[in-house]
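Report on the following structure.
The values are calculated or read from the model by the stated rules, or taken from the named source; none is laboratory data. Small disclaimer: the values here were computed from a predicted structure and weren't measured. A quick note on method: Cβ atoms are made from the backbone with ideal geometry, for glycine too, and the neighbour counts reach across all protein chains shown. Surface accessibility is based on the protein's heavy atoms, side chains included, excluding ligands, DNA and RNA. Shrake-Rupley method; radii C 1.70, N 1.55, O 1.52, S 1.80 Å.
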Amino acid sequence: MFKAFRRLFLIVSILILFSTILSAEFLLQKGNLFREDRFVEIDLNTVNQLQVIFQIDPIDWELPKNVIEIVNENLKIIQNDKKIKITDTKAFDNYLLISFSRSNLNIFEDFEFHNSENTLPFSIAEKDWPDYDEYHDYYNKALDFAIDMDYKSAFSSLTNFLVNDKNIEQFSFTSKARDKAGECIEDYFKNKQVFLDTHKIKNSKELKQTAISEIDSLIIKLQEADQLFTVYYDFYPESELKQNNEQIIADYQSYLTNLKTRYFNEVQTIFIDQDYSSNKFKMLLDSLVRSLCYKDSFCLISEYNAANMNYMNSKPDLKSKLENLEWLNFFERLIKAVNVNIENEGYFLNQECIESLKNKEINAPQPYYPILQTLHFALQENWTDFNLKINEAIERCADLELLHLLERMRIAYIAEVILNIDENVIYEINGGIKHLNLNDYEQAKAAFQKAKNWQSNFAVPDLMLGKLSMKMGEFAKAEIYFDNAIMKQQQYLEPIYAKLDLLIKNENYDDALKLLNAALTANSWNKYYLLGNLNLKQNNFKKAKEYLEMAANINSNNFDLMIFLGDSYKNLTDKDKAEMYYKKAGFLNPENELFRDRMQALKSE
């Protein structure tokens, strides 16, 4: 029994020894097995673990069936003196797959396979690191873009490196990529600086609108590019690139301002070089002043701070005429010039132009210089001088349309500066006007009444209620509203004219004469013009002639005034004087049908 036990113990011992020898023999092959040339594949993209596959090529020995147990019991993976836990081991016919935790192993540093026999260092090649191919491609694409001088695209590719990520930091080309990102920014702006210098030389003599457009669009591109480069500025807050590039953009903006000022100053020289003998000068100045005064809705005086094409768009015949004369583009350029002046200098026309217009004022058919001065004082909020100039302009204005525009400007001043009207009142007035134009009388009345209730001391709601009553045939009610408007703003002419129209329509000439004598200043040409017109309607031709001549002594540039003077003399049987005044009207507007009709009628007598 004892012998049998000894025999069994000896067999077991031999088996254990054989197993130990076999394990040792397998592990002795580790030096040949766990080395880089035996490495087949590394899968670094699994979620929780890293899998390393090694080729197995046994030499004169068989792979133990329990090779997984042998590896798990004897093999250790050490990195920075820390043991990395093996999570799984699998053996196949010709390879061995070992998996271990990614969270414990830093794959960018060397690690070692340990057992009782020896130690061999091992590292995973950079080309096998996570995302290597992706980031190496970013870097190479950026280099290609930079060679083609497409610095923005190059930088866009390199922004992938401008993040705080320890994995990206390990790549050998990361620092080069970040340096290249800075070079791309610098080269981009250097290139634009060269363009700016070249542009200045190229456009030093002759300047075209395209030159401004080039710089204008380029500034937008520079700003967009600088926004793209923000990621670099944030990553390197101490870099001087941001400050340098902002200076280049500022240089471009300053250059653009100078270009615009120079370009638009050139178009304004028409007011210096030419005078009222030039049709171009007269037409462009008149159109400009009306455009500055024109508003397509009721507004406040603070809104008279820019020029636009609204007036020209409301006058298609005039616009077509300018276009046929090839002056429309010139006028549009002039409008832009005025806005550049307002934005940069705070005036409508430069001082040289204003002085030139002042010197030519004696021959002006309209008070253009006082109107421009009025607008200038409004920009400055110099209300004392504003009042003086707008009253002068209104007093001298010989054109009823322009007079109406000036009146609107004065009432806009009263609304904002004197009465401090709430913007909601303006909103209701404009809403009521829209309804009135659409013949929606109930909605119009509600809007005007609301505005009147909100601002009871303002003339405009009463004026509009009067006009509404006129449209509805309620003449007595209209007269009351007009009287209310006249009482609230006595210098406001539009309610006076509206009431005059009502009185004349009703052939109430006596009351019309009383209104004229009471409401308009004694030296007003328009007062004499209206008095003459009233007497002409009553067939008081001698009285009409006297008033109309008084008007002509103040202002001889009104077409209708000259026609009515001709009519007065014709009815007084003075055909020579009648023809003289008709011809004066024709000189002012030869295309007007009234002139042609009057001349034909005179010749047929």
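Take region 553-582 and flag every residue that is within 29 Å of Tyr368 (Cα to Cα) and open to solvent by 20 Å² or more (accessible area, probe 1.4 Å).
Residues satisfying the conditions are Asn553, Ile554, Ser556, Asn557, Phe559, Asp560, Phe564, Met580, Tyr581.
Among the residues of region 329-346, write down those that are over 14 Å from Lys260 (Cα atoms) and surrounded by 18 or more Cβ atoms within 10 Å (Cβ to Cβ).
Phe331
Using beta carbons and a limit of 7 Å, which pairs, at least six apart or on different chains, have the first residue in region 421-445 and more than 18 Å from Gly466 (Cβ to Cβ) and the second one hydrophobic (A, V, I, L, M, F, W, C) and open to solvent by 90 Å² or more (accessible area, probe 1.4 Å)?
Asp422/Trp454; Asn424/Trp454
Within region 289-311, take every residue that is assigned to a helix (DSSP H, G or I) and of a type outside the set (Ser, Thr, Tyr) and give me the one that is most open to solvent (accessible area, probe 1.4 Å).
The extreme case among them is Glu303.
Within the set of pairs 6 or more residues apart or between chains, which connect a residue that is under 9 Å from Ala459 (Cβ atoms) and touching a residue at least 24 places away in the same chain (Cβ under 8 Å) inside region 472-498 to a residue that is open to solvent by less than 60 Å² (accessible area, probe 1.4 Å) and acidic (Asp, Glu) with Cβ atoms less than 6 Å apart?
Within 6 Å, the pairs are Asn484/Asp462; Ala485/Asp462; Glu494/Glu407.
I'm told Thr159 meets every condition in (1) closer than 30 Å to Glu183 by Cβ; (2) among the polar types (S, T, N, Q); (3) part of a loop (DSSP other than H, G, I, E, B) except one. Can you identify the failing condition by its number?
So Thr159 meets the others, but not (3).
Identify all residues within region 131-156 that are aliphatic (A, V, I, L, M), surrounded by fewer than 18 Cβ atoms within 10 Å (Cβ to Cβ) and in a helix (DSSP H, G or I); write none if there are none. Spell out the reasoning first.
Initially, region 131-156 is screened for residues aliphatic (A, V, I, L, M), giving 142-143, 146-147, 149, 154.
Next, from what is left, pick out any that are surrounded by fewer than 18 Cβ atoms within 10 Å (Cβ to Cβ): 143, 147, 149.
The answer is Leu143, Ile147.
Which of the residues spanning region 576-605 are hydroxyl-bearing (Ser, Thr, Tyr) and either in contact with a Leu (Cβ under 8 Å, 6 or more places away or on another chain) or closer than 21 Å to Ala552 by Cβ (or both)?
Selection gives Tyr581, Tyr582.
Could you please let me know if Phe482 is under 47 Å from the mean Cα position of the chain (by Cα), crowded, with 21+ Cβ neighbours inside 10 Å and at pLDDT 85 or above?
Yes: the conditions hold for Phe482.
Filter region 45-80 down to the residues that are among the aliphatic types (A, V, I, L, M) and over 20 Å from Glu112 (Cα atoms), then identify the one that is modelled with the highest pLDDT.
Among those residues, the one meeting the criterion is Leu63.
Run down Leu493, Leu513, Leu500 and say which single residue is open to solvent by less than 30 Å² (accessible area, probe 1.4 Å) and more than 24 Å from Val417 (Cβ to Cβ).
On inspection, the qualifying residue turns out to be Leu500.
Report the residue count in region 157-187 for those that are among the basic types (Lys, Arg) and open to solvent by less than 60 Å² (accessible area, probe 1.4 Å).
2
Mind listing just one residue for me: the one in region 584-605 that is part of a helix (DSSP H, G or I), open to solvent by 40 Å² or more (accessible area, probe 1.4 Å) and without any contact (Cβ under 8 Å) to a residue 12 or more places away in the chain and, of those, farthest from Ser524 (Cα to Cα)?
Per the criteria, the residue is Ser604.
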